[in-house]
Amino acid sequence: MTIFLYKLLLGFIVGSLIATFSYTTNLLTKSGAFAVIFIAGVVCGFGPWFTWLLLILFFGSSGCVHLAKKVMKIAKIDSIAEKGHTRDAWQVLANSLPAIISLVLFYYTENQLFMIGYVSAIAGATADTLGSEIGILSTHVPHSIITLKPIEPGLSGGISILGSVASIFGSLLISFAFWLFFGWNHFSQLPTSVMIIVPCICGIVNSIVDSLLGATLQAKYRCVICEQLTEQKKHHLQPSKLVNGISWLSNDWVNFFSGCLTILLSWVIIFYMY
């Protein structure tokens, strides 16, 4: 119990430092900063040391891309996306909560299936985030994953070659880091192929599922003033008209459901393999 409380305290301290830096650089809102502190404490308390490093790698890679775009003065697509690049608590929790649930299950059961689930969820969140952040920089118009017709950059459900490559890279980044950080430890009883391929595949699937849900079920609105298709409930300070999807299914819910499905997929793969 003493070690557990020590790890919780360490997570709180480190999480506070990261949250403070992210808040001052506009990577997080105030609520997002508190959410990061909570997530940091849980991960540090319930998980081995490498689980914390994977989480840092996820938030760090996303933050670096955002800061690079800010330095390069690349315009944001604030008029289309539901929220800006500054993450609030719901965005942080939607991307992290499925992974946290799997990690806590691993803590109490020591079943490696749940650890693979945690890594797969982080790989999926990284793939989706980098795909969105970097894909928006493409010089080519994105296409709908369903109809393959051109759509507005920044609109959920769109895919591009640049974004797809970024998603694959994000998933590979977490998968290789998992193998590098923990492959020599007691987890090494799993083949390298399982430690790398399963989280990588599940991470890429997460990005695909996220795009599919974003194109089909996520709420989309049309501005009554400029008639632009948007994910914002209000545009030009006026309520937008729902034209597609389920009204309560925001991008945060899409990320959460995608993460849950990713974990379930990894569990099924590991269960039938071992």
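So, in region 138-161, of the ones that are among the hydrophobic types (A, V, I, L, M, F, W, C) and under 19 Å from ASN251 (Cβ atoms), which residue ends up most open to solvent (accessible area, probe 1.4 Å)?
Filtering region 138-161 down to residues among the hydrophobic types (A, V, I, L, M, F, W, C) leaves 141, 145-146, 148, 151, 155, 159, 161.
From the residues that got through so far, the ones that are under 19 Å from ASN251 (Cβ atoms) too are 145-146, 151, 155, 159.
Numbers: ILE145: 41, ILE146: 90, ILE151: 37, LEU155: 18, ILE159: 57 Å².
So the residue we want is ILE146.
Which residues, counting only those in region 221-253, are in a strand (DSSP E or B) and out of contact with any Leu (no Cβ under 6 Å at 6 or more places or on another chain)?
LEU229, THR230, LYS234, HIS235, GLN238, PRO239, LYS241, LEU242, VAL243, ASN244
So which residues in region 126-153 are hydrophobic (A, V, I, L, M, F, W, C) and either touching a strand residue (DSSP E or B) at 6+ places or on another chain (Cβ under 8 Å) or farther than 15 Å from ILE201 by Cβ (or both), if there are any at all?
Once the filter is applied, which keeps residues that are hydrophobic (A, V, I, L, M, F, W, C) and either touching a strand residue (DSSP E or B) at 6+ places or on another chain (Cβ under 8 Å) or farther than 15 Å from ILE201 by Cβ (or both), region 126-153 yields LEU130, ILE134, ILE136, LEU137, VAL141, ILE145, ILE146, LEU148, ILE151.
List every residue pair whose Cβ atoms lie under 6 Å apart, where the two residues are 6 or more positions apart in sequence or sit on different chains, the first residue falls within region 220-240 and is modelled with pLDDT of 80 or more, and the second residue, located anywhere, is small (Gly, Ala, Ser) and surrounded by 11 or more Cβ atoms within 10 Å (Cβ to Cβ).
Filtered contacts from region 220-240: LYS220/GLY245; TYR221/SER240; CYS223/SER240; GLU231/ALA81; LYS233/SER240.
Okay, residues lined up against (1) surrounded by 13 or more Cβ atoms within 10 Å (Cβ to Cβ); (2) of a type in the set (Lys, Arg); (3) in contact (Cβ under 8 Å) with a residue 12 or more places away in the chain:
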position	(1), (2), (3)
SER164	yes, no, yes
PRO191	no, no, no
VAL194	yes, no, yes
VAL205	yes, no, yes
LEU242	yes, no, yes
TRP248	no, no, yes
PHE256	yes, no, yes
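I need a count of the residues in region 105-136 that are in contact with a Pro (Cβ under 9 Å, 6 or more places away or on another chain) and assigned to a loop (DSSP other than H, G, I, E, B).
The qualifying residues number 1.
Condition first: out of contact with any Ser or Thr (no Cβ under 6 Å at 6 or more places or on another chain) and more than 17 Å from GLU152 (Cβ to Cβ). Now tell me which residues in region 205-232 satisfy that.
VAL205, ILE208, LEU212, LEU213, LEU217, VAL224
Scan region 24-49 for residues that are open to solvent by 20 Å² or more (accessible area, probe 1.4 Å), part of a helix (DSSP H, G or I) and not aliphatic (A, V, I, L, M) and jot them down.
THR24, LYS30, SER31, PHE34, PHE38, PHE46, TRP49, listed by residue number.
Could you tell me whether any residue of region 87-101 is farther than 19 Å from ALA33 by Cα, of a type in the set (A, V, I, L, M, F, W, C) and modelled with pLDDT of 90 or more?
Scanning region 87-101 turns up at least one residue that is farther than 19 Å from ALA33 by Cα, of a type in the set (A, V, I, L, M, F, W, C) and modelled with pLDDT of 90 or more.
The values are calculated or read from the model by the stated rules, or taken from the named source; none is laboratory data. Computed from a predicted structure; not experimentally measured. Cβ sites come from the backbone with ideal geometry, for glycine too, and all protein chains shown count toward neighbours. The area values use the complete protein model at the heavy-atom level, side chains included, leaving out ligands, DNA and RNA. Shrake-Rupley method; radii C 1.70, N 1.55, O 1.52, S 1.80 Å.
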